[in-house]
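First the structure, in the form of structure tokens, and then the observations on it.
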Amino acid sequence: MKKVKKIMGILLTFIMVFSFIGCSKGETDTSGDKVTNAPKDSGKEADSKEDTKTSTEKVKITYSMWGSAEEGSKTQAVADKFNASQDRIQVEVVSIPWENYMTKLNSMATAGQLPDTGMLKEDGVVQWSSEGMLNDVSSMYEGSDSKPLDSLAYKYKGATVAYAAANEVLVLYYNKKMFDKANIAYPPASFDQAWTWEQFVDTAKKLTVDKNGKHPGEDGFDNQSITQYGCMVENLPWQLETWALSNGSGFYSSDGSEVKIGEDASVEAIQKVADLYLKDYVAPLSVGQTDDGVQRSLIAGTVAMTTNGAWNVGTCLNTAKDEGLSYGVAVLPYMKDKVTLSTGGANVVFSQTKHAKEAMEWIKWYNSEENSWSLIESGIWMPTLDKWYTDETLTHKWVDNPNFPPYAEYKSAVVDYAKSSAAKSASWFYTNHTTDFNTLLGSVLGDVWTGKTTAKDAITKNLDALKAAHDGNQ
């Protein structure tokens, strides 16, 4: 499941280097590894007054991150700005190579030597919370003029154990020239006017063309010689849950305790996505294994519409726009309920710290928009604090720049959408073992995308295994 490394690589690594060097990261890491022999009484918030310091001596805290020594130095330079901004806290950055990051943290946890705070991948937050290794950070934004959107709070047993360091939502991108050529109205940017799934498919048929200029449903249409597809729906497992939720079900219960993917509504939603290729002939084959959907569809010039994350504006669409792509952004279509997923990687406060209050102060400062502005204005990140979505002055500061689609379009399709009732937390914000579940699901659905089996048969056959993966018993 390559998405796990990509999001955290994009949503946290960039904050330490302030530059982007690629549109997609590499292979999956097992962030959900359980901590063994960890102190079980360390889940209580530590009193920052322990190890009393003199009034002139700063409290020293450590912050772990994955990356090279050079990247660690750049992050330390950012921390030094924080260190100089006040006279109470001194942050020291500990850089650990990506390949060894979780192994090293597990070893440190076993020895009772975890850093005070650090990076943790999305799918590792609830896992570590379940092992008693993360602090409750519900008080982090007390007294602030704004706090992160509700969809960006990681929860475990009702407690907020982390906030996302950035926001991302899923949207619909489209090629304006293809729509103009076909004389078709652009997809709606307004949440209130979102297309139904049927409207989406009908439009995709009008934009799908074979070598003779025929569309699906017309006499003589040849589905073996399609030169332009109307759409592609990203079917990476974690994004696929959008449609199960939209169809009135989901992969899990709302509290994450039960697996619901076997429900008829979830199975039906997955089959509808598969049928875009198998029956509707409006989408190319996608097997849900590679995290480059925008590049191999919209940017490749072979697909008129594609779903994916807001981060693509900064990671690859800006470059494509400079090279001639005229694209727009819209809200997702819906089956029964209007849904988009919110996600973002976390900076956490480890429960072994004696300085939880100071660690939270550092993380709050580090996560502030001012410290990641280059990522926000480029379109890679979205702000987390509510005020950026409600204060028009701040929204203009964020969106009113040439890196984005037109202000009104982006504000409606992304900013307002992320604030709306449609924005739901991705499952790793509230349930455990999502890496194991999604990896197995990706394998289970392989033959569904090619039509060798149906979503109902594949999921029914493997439902017990999927439940076991969710329970950590795979």
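The values are calculated or read from the model by the stated rules, or taken from the named source; none is laboratory data. Keep in mind it's a predicted model, so treat the numbers as computed, not measured. A quick note on method: Cβ atoms are made from the backbone with ideal geometry, for glycine too, and the neighbour counts reach across all protein chains shown. SASA here: full protein model, heavy atoms, side chains in, ligands and nucleic acids out. Shrake-Rupley method; radii C 1.70, N 1.55, O 1.52, S 1.80 Å.
Quick notes
- About the centre of its Cα atoms, the chain shows a dipole size close to 320 debye [charges on the beta carbon of Lys, Arg (+1) and Asp, Glu (-1) only; nearest 20 debye].
- The residues of the range 284-325 present an accessible area of 32 Å² per residue when probed at 1.4 Å with all protein chains retained.
- Theoretical FRET efficiency, 1/(1+(r/R0)^6), r = Cβ-Cβ of D255 and N403, R0 30 Å, to 0.05: 0.20
- Relative protection proxy for 129-139, 443-453, from highest mean packing down: 129-139, 443-453 (other beta-carbon atoms within 10 angstrom).
- Relative to its Kirkwood radius, the Cα radius of gyration of the range 289-443 gives an Rg/Rh of 0.99.
- Over the range 163-294, relative contact order from alpha-carbon pairs under 8 Å, at least 6 apart, %: 20 percent
- In the context of the full set of protein chains, the range 65-219 has a per residue accessible area of 42 Å² (1.4 Å probe).
- For the chain, share of DSSP beta bridges that run antiparallel, in % to the nearest 5: 65 percent
- Calculated FRET efficiency, D192 to L285, Cβ-Cβ distance, R0 = 35 Å: about 0.55 to the nearest 0.05.
- Across the chain, the relative contact order, built from alpha-carbon pairs under 8 Å that are at least six residues apart, equals 24 percent.
- Once you reduce the range 166-227 and the range 301-357 to the center of their Cα atoms, the two points are 21 Å from each other.
- Based on the convex hull around the alpha carbon atoms, the range 154-236 presents an average projected area of 8.7 nm².
- Rolling a 1.4 angstrom probe over the chain with all protein chains present gives an accessible area of which 46% lies on carbon and sulfur atoms.
- Enclosing the Cα atoms of the chain in their convex hull gives a volume equal to 136 cubic angstrom per residue.
- Here the Karplus relation 6.51 cos²θ - 1.76 cosθ + 1.60, evaluated at θ = phi - 60°, turns the backbone of the range 59-75 into coupling constants of 6, 9, 10, 10, 10, 9, 8, 8, x, 6, 4, 5, 5, x, 5, 5, 5 Hz, with x for every Gly and Pro.
- Rh by Kirkwood over Cα pairs, then Stokes-Einstein D for the range 357-474 at 1.306 mPa s and 10 °C, µm²/s: 89 µm²/s
- Ranked by the mean number of other Cβ atoms within 10 Å of their residues, highest first, the peptides 266-278, 223-235, 461-473, 163-175 fall in the order 163-175, 266-278, 223-235, 461-473.
- Å² of accessible area per residue within the range 331-474, as computed with a 1.4 Å probe and no ligands counted: 36 Å²
- Quotient of C-alpha Rg and 2.2 N^0.38 Å, computed over the range 188-318: 1.12
- Acute angle (nearest 10 degrees) that the helix 455-470 long axis makes with the longest principal axis of the chain, alpha-carbon atoms: 0 degrees
- Between R296 and K336, the contour length at 0.36 nm per residue exceeds the alpha carbon distance by 11.5 nm.
- Point-to-point label distance, S107-D275, nm (Cα→Cβ direction, 7 Å offset): 5.3 nm
- With a Förster radius of 41 Å applied to the C-beta separation of D150 and S225, the computed FRET efficiency comes to 0.25.
- Net dipole in debye of the range 419-469 [+1 Lys, Arg Cβ; -1 Asp, Glu Cβ; about Cα centre; nearest 20]: 220 debye
- Using C-alpha pairs below 8 Å separated by at least 6 residues, the relative contact order for the range 130-240 is 14 percent.
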